[in-house]
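The values are calculated or read from the model by the stated rules, or taken from the named source; none is laboratory data. A quick note: this is a predicted structure, and the numbers were derived from the prediction, not measured. Cβ placement follows ideal geometry from the backbone for every residue including glycine, while neighbour counts extend to all protein chains displayed. Side chains are part of the model used for accessible areas, which takes the heavy atoms of the whole protein and leaves out ligands, DNA and RNA. Shrake-Rupley method; radii C 1.70, N 1.55, O 1.52, S 1.80 Å.
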Amino acid sequence: VPKVEPKVVQTPKVVQKKVQEPVVQKTEGDKTMRMFVTVGDDGTILTSRDGKEWTSRTSGIKNNLNGITYGEETYVIVGDRRGGNKATILTSSDGISWTSRNSKTSENLKGVTYGKGLFMAVGNEGTILTSLNGGFWISRTSGLFKHLRGVTYGNRLFVTVGNNGTIVTSSVGS
């Protein structure tokens, strides 16, 4: 039996590239006044009408913005603490001008969603906040001390994910 040697046809070339881009959040154009909004590091907010050409908006802050959602004709952005104070929550009715809101938490907020007439934000140390209008927020008890990284709403259920495989669900948002 003849010995067959493997032959390398092409060696893949791996090039590491660090790109500082905003975290893109999907917002459905037909539900958001035909406006796409994305957020990122250093207070970055970008908007687009077509998803191709983007305009930088003024957030008025320099900390990281981590999530965005839309509901009740209001955009809500969540992010990290401002100068060691409270976590960031910004709201806007048009995606252009932004208003800072009191999050009442010193934990960084990592995700936000809207469903069932309720905004829900999640963050470090099991932080869960809810709001009916995006302006006034109430702290909810998750019973967790793990970092929560994202939240979504679908099928009449809020689903939150976090570190180490943490998954928390709620049908009522509390």
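Regarding the stretch 88-97, can at least one residue be identified that is open to solvent by 20 Å² or more (accessible area, probe 1.4 Å) and either farther than 19 Å from Gly60 by Cα or in contact with a helix residue (DSSP H, G or I) (Cβ under 7 Å, 6 or more places away or on another chain) (or both)?
For the stretch 88-97, residues open to solvent by 20 Å² or more (accessible area, probe 1.4 Å) and either farther than 19 Å from Gly60 by Cα or in contact with a helix residue (DSSP H, G or I) (Cβ under 7 Å, 6 or more places away or on another chain) (or both): absent.
Could you grab the pairs with beta carbons closer than 8 Å, sequence gap of 6+ or different chains, first residue in the stretch 87-112 and on the phi > 0 side of the Ramachandran plot and in contact (Cβ under 8 Å) with a residue 24 or more places away in the chain, second one hydrophobic (A, V, I, L, M, F, W, C) and open to solvent by 30 Å² or more (accessible area, probe 1.4 Å)?
Pairs that qualify, where the first residue is on the phi > 0 side of the Ramachandran plot and in contact (Cβ under 8 Å) with a residue 24 or more places away in the chain and the partner is hydrophobic (A, V, I, L, M, F, W, C) and open to solvent by 30 Å² or more (accessible area, probe 1.4 Å), are Gly95/Met33.
Within the stretch 124-145, track down each residue that is on the phi > 0 side of the Ramachandran plot and either touching a Phe, Trp or Tyr at 6+ places or on another chain (Cβ under 6 Å) or not in a loop (DSSP other than H, G, I, E, B) (or both).
Glu125, Gly126, Gly134
Do we have Asp80 as within 26 Å of Ser48 (Cα to Cα), open to solvent by 10 Å² or more (accessible area, probe 1.4 Å) and without any contact (Cβ under 8 Å) to a residue 60 or more places away in the chain here?
Spelling it out, Asp80 is indeed within 26 Å of Ser48 (Cα to Cα), open to solvent by 10 Å² or more (accessible area, probe 1.4 Å) and without any contact (Cβ under 8 Å) to a residue 60 or more places away in the chain.
Surrounded by fewer than 18 Cβ atoms within 10 Å (Cβ to Cβ), more than 19 Å from Ile61 (Cα to Cα) and small (Gly, Ala, Ser): does that describe Ser100?
No: the conditions fail for Ser100.
Examine the stretch 152-160 for a residue that is closer than 23 Å to Thr38 by Cβ, assigned to a strand (DSSP E or B), in contact with a Gly (Cβ under 7 Å, 6 or more places away or on another chain) and not β-branched (Val, Ile, Thr), and state whether such a residue exists.
Yes: the stretch 152-160 contains one or more residues that are closer than 23 Å to Thr38 by Cβ, assigned to a strand (DSSP E or B), in contact with a Gly (Cβ under 7 Å, 6 or more places away or on another chain) and not β-branched (Val, Ile, Thr).
Taking the stretch 137-174, which residues are within 15 Å of Thr105 (Cα to Cα) and exposed (fewer than 11 other Cβ atoms within 10 Å of the Cβ)?
If the condition is that a residue be within 15 Å of Thr105 (Cα to Cα) and exposed (fewer than 11 other Cβ atoms within 10 Å of the Cβ), then Thr141, Phe145 are the ones that fit.
Does any residue in the stretch 149-166 that is among the basic types (Lys, Arg) come within less than 6 Å, Cβ to Cβ, of a residue that is surrounded by 15 or more Cβ atoms within 10 Å (Cβ to Cβ) six or more places away or on a different chain, and which pairs are these?
Arg149/Lys110; Arg149/Val161; Arg149/Gly162
Scan the stretch 35-50 residue by residue and report those that are within 23 Å of Tyr153 (Cβ to Cβ) and open to solvent by 10 Å² or more (accessible area, probe 1.4 Å).
Across the stretch 35-50, the qualifying residue is only Phe36.
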